[in-house]
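All remarks here apply to the structure that follows.
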Amino acid sequence: GDKPDRYGMLGLLSVIRMMDDNLNTLALGTDLTLLGLNLNASDNLYESFVSPWADSRVSRSPEYVLPRCYYISPPALKTVFFQKFCDMTLFYIFYHFLTRPSDAQHQELRASLVKYAYQELLARGWQFQQESNIWVTRVQGGNEFKYFDMQAMELRPFLGQPPPQHTPPAESH
């Protein structure tokens with residue numbers, strides 16, 4: 001015998017007649033309300049539905065205990081850490097936390113990070129030009145200057161007016 005083609009038009013006929021339960025589930029899907037889903041609920045499904053095989057609803061509180069070490073305060077920020085950072089890291093800290101939107105919770109920490117990065121860059125011979133918002137330094141062994149380009153995150157030759165020799169620390173940093 002010739003068997004009808006299971007994947008052609010005659011095969012579709014057996015799906016339409018709903019003679020095979022497995023084939024019906026595969027082709028037509030399952031009624032999700034039979035799995036315990038309330039599709040008319042106004043809250044999010046993920047908040048109450050764990051899995052079609054779970055017997056219980058999802059709980060809002062986690063089923064674990066957070067170790068006590070997560071509750072200790074971080075160590076105090078020390079300026080000596082900043083001496084170990086490369087110039088690029090200091091520039092990142094300075095510009096990132098200086099331009100970051102203000103959130104009152106971390107405002108004091110952000111101000112400290114900017115201040116310490118500022119002080120360390122000054123100690124390394126960099127000078128901050130507030131009017132152009134750039135850091136400039138003299139290239140070793142020459143009369144040329146370089147500056148940090150914040151947009152490109154790289155050092156570039158400085159072609160502008162050389163900075164004054166001693167820039168007083170800005171009070172706002």
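With Cα atoms as the point set, the stretch 101-166 shows a radius of gyration and Dmax of 13.9, 45 Å.
Here the Debye sum runs over all C-alpha atoms of the chain as equal scatterers in vacuum, and log10 of I(q)/I(0) at q = 0.10, 0.17 Å⁻¹ comes out as -0.65, -1.09.
Measuring nothing but how far apart in sequence close Cα pairs (under 8 Å, 6+ apart) lie, relative to its length, the chain scores a relative contact order of 10 percent. Per-atom-type breakdown for the chain gives carbon and sulfur 55% of the accessible area (1.4 Å probe, protein chains only).
Computed from Cα positions, the angle between helix 87-99 and the longest principal axis of the chain comes to roughly 70 degrees.
Here the contact order of the stretch 56-132, divided by its residue count and restricted to Cα pairs under 8 Å and six or more residues apart, works out to 29 percent.
Evaluated over the chain, the count of Lys pairs having alpha-carbon atoms less than 28 Å apart is 4 (only pairs 8 or more residues apart or interchain). Each residue of the stretch 95-137 gets 64 Å³ once the volume of the Cα convex hull is shared out per residue. For the stretch 1-151, the dipole from Cβ point charges (+1 on Lys and Arg, -1 on Asp and Glu) about the Cα centre works out to 800 debye, to the nearest 20.
Computed about its Cα centre, the charge dipole of the stretch 66-116 is approximately 140 debye, with only Lys, Arg, Asp and Glu carrying charge at their Cβ. Only helices enter this figure: runs of n ≥ 4 DSSP H residues, each worth -39500 (n - 2.57), summed and divided by the residues of the chain, yield -8500 deg cm²/dmol at 222 nm to the nearest 500.
The values are calculated or read from the model by the stated rules, or taken from the named source; none is laboratory data. Predicted, not measured: the structure shown is a model, and the values here were computed from it. Don't worry about glycine lacking a Cβ; one is built from the backbone with ideal geometry, like all the others, and counts go over all protein chains shown. Ligands, DNA and RNA are excluded from the accessible area calculation, which covers all protein heavy atoms including side chains. Shrake-Rupley method; radii C 1.70, N 1.55, O 1.52, S 1.80 Å.
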